[in-house]
Amino acid sequence: MSYTDRHNLTGTWALLAALYTLATAHVVEAGLFAAGFLLAEWAGLGGFVQDDVDTVMDVFYFSLVNYTSLGLGDIYPTGHLRFLAGVESLNGFLLISCSASVLFLVTTRQNR
């Protein structure tokens with residue numbers, strides 16, 4: 001029994017609820033990775049090549065770009081942070097793919 005079967009969400013409201021829930025979950029996870037990057041940088045495990053990466057928003061921007069697998073390259077990590085960036089990119093790709101599957105199921109679900 002799925003979540004949408006237990007709760008009578010149909011049509012546009014179901015799609016909006018799923019979309020906003022999944023988007024929020026992705027932003028929170030990218031934020032957790034950004035916190036991990038900051039903690040690892042503070043511990044001396046690596047850094048970022050661009051010198052003006054000095055705010056939390058810069059690291060969060062890098063994390064969102066990396067999580068979505070865009071890889072723009074304007075900021076990139078060094079040292080052991082490269083491994084964490086690879087893990088984040090793979091994790092983001094898998095979770096965004098799962099989210100697309102959930103959205104597909106919500107949109108194609110027939111009312112019973």
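How many residues are out of contact with any Phe, Trp or Tyr (no Cβ under 6 Å at 6 or more places or on another chain) and of a type in the set (Asp, Glu) when one looks only at the range 73-90?
Of the residues in that region, 1 qualify.
Residues in the range 54-90 that are of a type outside the set (Lys, Arg), exposed (fewer than 15 other Cβ atoms within 10 Å of the Cβ) and in a helix (DSSP H, G or I): how many?
Of the residues in the range 54-90, 6 are of a type outside the set (Lys, Arg), exposed (fewer than 15 other Cβ atoms within 10 Å of the Cβ) and in a helix (DSSP H, G or I).
Could you run through the range 1-24 and say how many residues are modelled with pLDDT under 60, over 13 Å from Val102 (Cβ atoms), surrounded by 10 or more Cβ atoms within 10 Å (Cβ to Cβ) and not acidic (Asp, Glu)?
Residues meeting the conditions: 2.
Restricting to the range 44-53, name every residue that is small (Gly, Ala, Ser), out of contact with any Gly (no Cβ under 6 Å at 6 or more places or on another chain) and in a strand (DSSP E or B).
Looking only at the range 44-53, we keep the residues that are small (Gly, Ala, Ser), and these are 44, 46-47.
In the following step, the residues that additionally are out of contact with any Gly (no Cβ under 6 Å at 6 or more places or on another chain) were identified as 44, 47.
Matches in the range 44-53: Gly47 only.
Which residue pairs have Cβ atoms under 7 Å apart, sit 6 or more places apart or on different chains, and have a first residue in the range 84-109 that is among the aromatic types (Phe, Trp, Tyr) and a second that is surrounded by fewer than 15 Cβ atoms within 10 Å (Cβ to Cβ)?
Correct list of pairs: Phe93/Ser69.
The values are calculated or read from the model by the stated rules, or taken from the named source; none is laboratory data. Everything quoted here is computed from the prediction, not taken from an experiment. Note that we place each Cβ from the backbone using ideal geometry, even for glycine, and neighbour counts take in every protein chain shown.
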